[in-house]
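One structure is given here, and the rest of the page talks about it.
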Amino acid sequence: MADTMECMCQECGISSYFQVTDLSYDEPGPGGRRLVQNLFCPQCGGQLFVVGRAGDEPTYRTG
Ligand SMILES: [Zn+2]
């Protein structure tokens, strides 16, 4: 079973969930965001970035 990844829109901020096998994304750049290359926001068509695996605690909440 493929992992589900949570992705967030940089434009409108909604979260969307995609199968990891459907996603193509960059290595983390400045700020640590992994930008999705092949899919876009279903609401506004904006740039998505990967938040993490669905259900995981967001990394920015740790520590
Ligand atoms: Zn959007």
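Over the chain, the pair-distance histogram of Cα-Cα distances with 5 Å bins from zero comes to 4, 19, 29, 27, 16, 4, 1 percent, rounded to whole numbers.
Highest mean packing comes first when the peptides 36-43, 23-30 are listed by Cβ atoms within 10 Å, giving 36-43, 23-30.
Computed from the coordinates by the stated procedures, all read-outs in this text should not be read as laboratory data. If you're wondering where the values come from, they're calculated on a predicted model, not measured in any experiment. Using ideal geometry, Cβ is built from the backbone for each residue, glycine included, and neighbour counts are taken over all protein chains shown.
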